[in-house]
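Read the structure below first, then the notes.
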Amino acid sequence: MIVAEMTGSNQYLAFALDEELFAVGVDKIREIIDFTTVTKVPQTPDSMRGVINLRGNVVPVIDMRRKFAITESPDTVDTCIVVLEVSMDNETTVIGALVDSVQEVFEMEANQIEPPPKIGANLRTDFILGMGRKASDFIIILDVDKVFSSEELSQVTQTGLSANEAN
């Protein structure tokens, strides 16, 4: 199956985490917002930074550095939240992905994208749609519907619902 057909788009938003570049299909992005105050929520997954109020809606924020086990660093003026629409069990969940910086929107044809690397049976790579190349840099193209496990999304959704009910 061709990667661009899987995402429904050949336009991607590139963002940085540490020295690595990642991308998601623009069809999964609702908006990009500046980093704002995040309210911590007890007993949530380690990768969940907390929740934000986005025009009256509670949106869980996942720290993508924590999610991908990348060394943490302080937030900067470039740190932002990419608000994503993630599909789970035929329902859409809105999640904020905390990233170091947003780079650009770019187009990439399917023939420019290599399949994800085969790393081994114990390492999970099913959330990687493919590896793109931009100049001399690799860009890891993510399948955001698979980045988050259904159990994790369920817990994050429940956190958002509980916070909405408290308002």
- Note on the structure: Cα gyration tensor of region 1-107 diagonalised, 5x eigenvalues square-rooted, in angstrom largest first, produces semi-axes 22, 17, 13
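If the chain between Gln43 and Glu85 were fully stretched, how many nm would it gain, using 0.36 nm times the residue separation less the Cα-Cα distance? Don't jump to the answer; show the numbers that get you there.
Working: separation 42, 0.36 × 42 = 15.12 nm, distance 2.34 nm.
Answer, rounded to one decimal: 12.8 nm.
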- Item | Solvent-free Debye scattering, log10 I(q)/I(0), computed from the Cα coordinates of region 67-128 at q = 0.19, 0.26, 0.28 Å⁻¹ | -1.19, -1.13, -1.12
- Query: How do 99-108, 28-37 rank on mean C-beta neighbours within 10 Å, highest first?
  - Reply: 99-108, 28-37
- Message: Using 0.36 nm times the number of residues separating Lys146 and Asn57, minus their current alpha carbon distance, what extension gain do you get?
- Response: 29.7 nm
- Query: So which lysines can Lys118 reach, going by Cα to Cα under 27 Å and dropping same-chain residues fewer than 8 places off?
  - Reply: Lys28, Lys67, Lys134, Lys146
- Message: Between Asn111 and Ile32, how high is the FRET efficiency from 1/(1 + (r/R0)^6) when r is the Cβ-Cβ distance and R₀ = 41 Å? Nearest 0.05.
- Response: 0.90
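FYI, it's all coordinate maths here, none of it is from the lab. This structure is a prediction, so every number in the text was calculated from the model and none was measured. With ideal geometry, Cβ positions are generated from the backbone for all residues, glycine too; neighbour counts draw on all protein chains shown.
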